1. In the range 82-93, what count of residues is obtained for those that are in contact with a helix residue (DSSP H, G or I) (Cβ under 6 Å, 6 or more places away or on another chain) and within 19 Å of residue 216 (Cβ to Cβ)?
2. Please specify each residue of the range 231-256 satisfying the condition of being part of a loop (DSSP other than H, G, I, E, B) and surrounded by 14 or more Cβ atoms within 10 Å (Cβ to Cβ).
3. Take the conditions crowded, with 18+ Cβ neighbours inside 10 Å and out of contact with any strand residue (DSSP E or B) (no Cβ under 6 Å at 6 or more places or on another chain) and apply them to residue 163. Does it pass?
4. Do we find a residue being in a strand (DSSP E or B) and closer than 17 Å to residue 76 by Cβ anywhere in the range 131-141?
5. Sort through 55, 76, 97 and tell me the only one that's farther than 21 Å from residue 216 by Cβ and out of contact with any strand residue (DSSP E or B) (no Cβ under 6 Å at 6 or more places or on another chain).
6. Looking for something part of a loop (DSSP other than H, G, I, E, B), touching a strand residue (DSSP E or B) at 6+ places or on another chain (Cβ under 7 Å), crowded, with 20+ Cβ neighbours inside 10 Å and in contact (Cβ under 8 Å) with a residue 40 or more places away in the chain - is there at least one such residue anywhere in the range 166-178?
7. Could you count how many residues in the range 91-120 are in a helix (DSSP H, G or I) and over 30 Å from residue 33 (Cβ atoms)?
8. Please identify the pairs in which a residue from the range 180-204 that is without any contact (Cβ under 8 Å) to a residue 40 or more places away in the chain and on the phi < 0 side of the Ramachandran plot has its Cβ atom under 6 Å from the Cβ atom of a residue that is part of a strand (DSSP E or B) and surrounded by 13 or more Cβ atoms within 10 Å (Cβ to Cβ), counting only partners at least 6 apart or on another chain.
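The values are calculated or read from the model by the stated rules, or taken from the named source; none is laboratory data. Given the structure is predicted, the values throughout are model-derived calculations rather than measurements. Note that each Cβ is placed from the backbone with ideal geometry, even for glycine, and that neighbours are counted across all protein chains shown.
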């Protein structure tokens with residue numbers, strides 16, 4: 001784990017503390033504060049929030065940029081990859097000058113240029129069941145922008161165990177999806193909220209769903225889904241609106257169409273290896 005050496009960076013002190021906004025922060029977030037649903041109190045919640053993001057790639061890039069711009073106080077980044085030329089078509093947090101750098105480092109410097117008030121914690125490793133508890137320590141929201149089912153199942157299990165919300169998304173070619181998971185809570189009717197395996201009981205067979213490197217992907221799609229994932233995170237942190245709990249939002253870029261599928265907890269849901 002590396003804590004980025006930028007102004008204002010601290011360790012895990014004052015977790016959840018509601019610090020006052022400085023005059024500079026009030027000016028920076030003025031358009032947020034004007035919204036009655038957010039206001040000064042909501043902006044303070046964003047400042048106190050600690051969000052861990054899996055992946056600094058196609059989905060992670062817009063998630064990190066918009067959460068940093070929104071004033072999330074602490075962002076964690078989990079990624080062990082380095083920036084390559086083929087990433088730049090969609091991973092807009094990186095640029096030609098960062099090719100070859102660790103994605104965590106490239107993303108951290110981009111965030112520091114965007115908003116020096118954000119604390120950065122970098123995990124230059126993969127997210128895994130073995131490392132999940134250590135990586136999640138001190139964070140109150142997890143966002144999964146990974147590109148494989150093993151990591152998605154690991155993220156879902158870890159967030160459930162830690163009793164923190166999970167925002168998870170996926171993209172491929174011209175299609176994307178996202179949902180929010182809070183299985184440790186109950187719905188309005190008293191039934192438990194669904195888990196990730198209620199939506200995807202088993203991972204598809206290896207090779208059935210081709211990776212982006214094989215099938216291709218339109219770069220702007222990752223911006224659409226990643227930005228919506230950031231919006232869901234902001235809603236969860238500030239307590240506004242209706243998060244996508246028990247709802248899978250689907251986006252077809254070619255037809256410019258959104259659809260929503262509702263899903264519920266299965267009676268026999270059990271954890272199993274992803």
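1. 4
2. Answer for the range 231-256, where residues must be part of a loop (DSSP other than H, G, I, E, B) and surrounded by 14 or more Cβ atoms within 10 Å (Cβ to Cβ): 240, 243, 244, 246, 253.
3. So residue 163 does not fit the description; no.
4. Yes, the range 131-141 contains at least one residue that is in a strand (DSSP E or B) and closer than 17 Å to residue 76 by Cβ.
5. When all the criteria are applied, what remains is 97.
6. no
7. The total comes to 7.
8. Sorted first by the residue in the range 180-204, then by its partner, the pairs are 186/192.
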